[in-house]
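To start, the structure itself, in C-alpha cells.
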Amino acid sequence: MINLYELSETQLTDLLTSWGEPKFRAKQLYDWLYNKRVMSFAEMKNLPKELRSRLEAETSLGTLSLVAEQSSRDGTIKRLYKLTDGQLIESVLMPYDDDRRTACISTQAGCAMGCVFCATGQMGFSRHLKPEEIFEQAMRFASILEADGDRLSNIVLMGMGEPFHNYDSSVEAIRRLMHELGIGARHITVSTVGLVPQIRRFADEGLQVKLAISLHAATDAERAKLLPVNKRWPLSELMDACRYYIEKTGRRVTFEWAAIQGENDTSEQAHTLGKLLKGMLCHVNIIPLNPTGGYHHGPAASDRIEQFIETLATYGVSATVRMRRGIDIDAGCGQLKAAVINTDDIGVNL
Ligand code: SAH
Ligand code: SF4
C-alpha cells in the first residue's frame with residue numbers, strides 16, 4: 001500500500017503517470033487531497049471510476065487509525081490514534097472563540113525527556129514519528145473542519161514527544177504543513193524542552209515558525225528537579241541559544257511556565273525569572289499545571305499567578321495565563337493515552 005500523504009506533488013504526478021494517467025489527473029487528485037481535503041476516494045467525483053478503484057486497491061489516505069475520541073464542553077476534540085505498529089499517539093483540536101482553529105500534534109510515541117509533571121514523560125519513550133505520521137494528524141483535523149466549511153489555521157507541535165529530539169522529521173512535517181495545507185510559518189509553533197544544539201540549528205533553518213521553550217523554573221536547581229534535560233543544558237546555555245535564535249530570526253521567543261503550587265509560583269521565582277528575561281524579545285505563557293497521576297502537585301492559585309505576572313511586569317517582561325482547554329477530557333499532554341491504558345472504560349464517542 002502506498003500512503004498518499006507520504007508523496008510530494010511531484011511524486012504523486014509520477015505515480016499517476018506510471019499508471020498511464022494524464023498529468024491533469026494528478027492535479028485533480030492533489031486538489032481533492034489538500035484543497036478539498038476529502039478522506040475517501042469515493043468523494044473524488046471527477047476522477048474516473050477505474051482510477052478510484054485502483055487508488056482504493058493500491059494506496060491509502062494515511063496510516064493512522066482512530067481508537068478513541070473525546071469532545072469537551074468548550075469544543076476541544078482530543079483523539080487517540082493507533083499507528084501501524086500498535087503505538088498510540090494523541091492529537092487535540094482547539095477551536096477558539098475567535099477565528100483560530102488550532103491543532104496540537106505529537107512528534108513521538110512517548111518521550112525520552114522524563115519531565116516529572118508530564119504524563120507523556122512518565123510513560124517513557126517508544127519511538128520517533130515519521131514526517132507523514134506527524135503531518136497526518138493535522139490533515140485529519142483539517143479534513144473534519146473542511147467538511148464543516150471551516151479551515152485549520154494554526155498548528156502547535158506540543159502533543160506527545162519532544163520535536164527537537166526528532167528534529168528532521170518534525171522539520172520535514174512543518175514544511176509539508178506549510179506547503180500542502182497552506183499554513184503560514186507564523187501560524188506554526190514548535191515547543192521544545194530546551195535541546196540547545198537543535199535550537200541553534202532551528203535558528204539557522206530560515207523558517208519563520210514560532211519557537212516556544214518549556215522553561216518552568218528560573219534557577220538550575222529548580223529546573224533540574226522538574227526537567228532532567230537541564231542537567232545536560234543548563235539555563236545559561238539555553239538562554240544563549242534563545243538569544244541566538246532571536247538574533248538570527250528577529251522573532252520573539254515564548255517561554256512556557258507550567259504554574260505549580262508551592263514550587264514555581266513563588267515571589268522569589270518571579271523575581272529570578274524577571275531578571276533572567278529582562279530586555280529579551282520574549283513573552284511568558286503561564287499554564288496552570290494539569291495534574292497527572294505520577295506527580296503529586298496541584299496548579300498554582302489564580303491570585304498567585306496574578307502576582308507572578310505583576311512581578312514580571314516590573315522587569316518589563318510580558319506574561320499571560322493560557323486558559324486550560326478541554327480540562328474535562330484529559331486534554332493535557334499524554335493524558336488520554338494514560339487513561340486508555342489504565343482503564344478499559346473510557347467515554348469514547350467514535
Ligand atoms: N516536548 C515539548 C512539547 C510537548 S509538551 C516540550 O516539552 O516543550 C507541551 C507543553 O506542555 C510543554 O511546555 C510542557 O512542559 C507542558 N506540559 C506537560 N505536562 C504538563 C502538565 N501536566 N501541566 C501543564 N503543562 C504541561
Ligand atoms: Fe517530553 Fe515535553 Fe513531556 Fe518533557 S514536557 S516529557 S519534553 S513531552
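Can you name the residue in segment 70-86 that is in contact (Cβ under 8 Å) with a residue 60 or more places away in the chain and over 15 Å from LEU145 (Cβ atoms) and is also most open to solvent (accessible area, probe 1.4 Å) among such residues?
ARG73
Please determine whether any residue of segment 192-199 is more than 15 Å from ligand 2 (Cβ to nearest atom) and over 20 Å from LYS36 (Cα atoms).
So far as segment 192-199 goes, yes, one or more of its residues are more than 15 Å from ligand 2 (Cβ to nearest atom) and over 20 Å from LYS36 (Cα atoms).
Looking only at residues in segment 18-42 that are open to solvent by 70 Å² or more (accessible area, probe 1.4 Å) and not basic (Lys, Arg), which one is farthest from the chain's Cα centre (by Cα)?
Only one residue fits best here, namely SER18.
Based on what the data block shows, is SER60 more than 14 Å from ligand 2 (Cβ to nearest atom), under 20 Å from the mean Cα position of the chain (by Cα) and without any contact (Cβ under 8 Å) to a residue 60 or more places away in the chain?
Details: more than 14 Å from ligand 2 (Cβ to nearest atom): yes; under 20 Å from the mean Cα position of the chain (by Cα): no; without any contact (Cβ under 8 Å) to a residue 60 or more places away in the chain: yes.
Criteria not met by SER60.
Of the residues in segment 104-124, how many are of a type in the set (A, V, I, L, M), open to solvent by less than 20 Å² (accessible area, probe 1.4 Å) and modelled with pLDDT of 95 or more?
Here the count works out to 2.
Could you grab me the full set of residues in segment 177-188 that are under 14 Å from ARG251 (Cβ atoms) and open to solvent by 20 Å² or more (accessible area, probe 1.4 Å)?
Those that are under 14 Å from ARG251 (Cβ atoms) and open to solvent by 20 Å² or more (accessible area, probe 1.4 Å): GLY184, ARG186, HIS187.
Within segment 270-294, restricting attention to residues that are among the polar types (S, T, N, Q) and within 15 Å of ligand 1 (Cβ to nearest atom), which residue is most open to solvent (accessible area, probe 1.4 Å)?
ASN290
Looking only at segment 208-234, count how many residues are away from ligand 2 (no atom under 16 Å from the Cβ), buried (at least 18 other Cβ atoms within 10 Å of the Cβ) and in contact (Cβ under 8 Å) with a residue 40 or more places away in the chain.
Residues in segment 208-234 being away from ligand 2 (no atom under 16 Å from the Cβ), buried (at least 18 other Cβ atoms within 10 Å of the Cβ) and in contact (Cβ under 8 Å) with a residue 40 or more places away in the chain: 2 in total.
Mind checking which residues of segment 305-324 are closer than 28 Å to ASP74 by Cα and surrounded by fewer than 18 Cβ atoms within 10 Å (Cβ to Cβ)? Write out each step before concluding.
Residues of segment 305-324 closer than 28 Å to ASP74 by Cα: 305-309, 318-324.
Residues satisfying the conditions are GLU306, GLN307, ILE309, SER318, THR320, ARG322, MET323, ARG324.
Can you pull out the residues in segment 103-142 that are part of a loop (DSSP other than H, G, I, E, B), within 14 Å of ligand 2 (Cβ to nearest atom) and of a type outside the set (S, T, N, Q)?
Here is the first cut: in segment 103-142, the ones part of a loop (DSSP other than H, G, I, E, B) are 105-107, 111-118, 124, 129-130.
When the remaining residues are screened for being within 14 Å of ligand 2 (Cβ to nearest atom), the result is 105-107, 111-118, 124, 129.
Passing the criteria: ILE105, CYS111, ALA112, MET113, GLY114, CYS115, VAL116, PHE117, CYS118, GLY124, LEU129.
The values are calculated or read from the model by the stated rules, or taken from the named source; none is laboratory data. Please read all numbers here as calculations on a predicted model, not as lab measurements. Neighbour counts run over all protein chains shown; Cβ positions are idealised from the backbone, glycine included. Quick note on the areas: whole protein, heavy atoms, side chains included, nothing else; ligands and nucleic acids left out. Shrake-Rupley method; radii C 1.70, N 1.55, O 1.52, S 1.80 Å.
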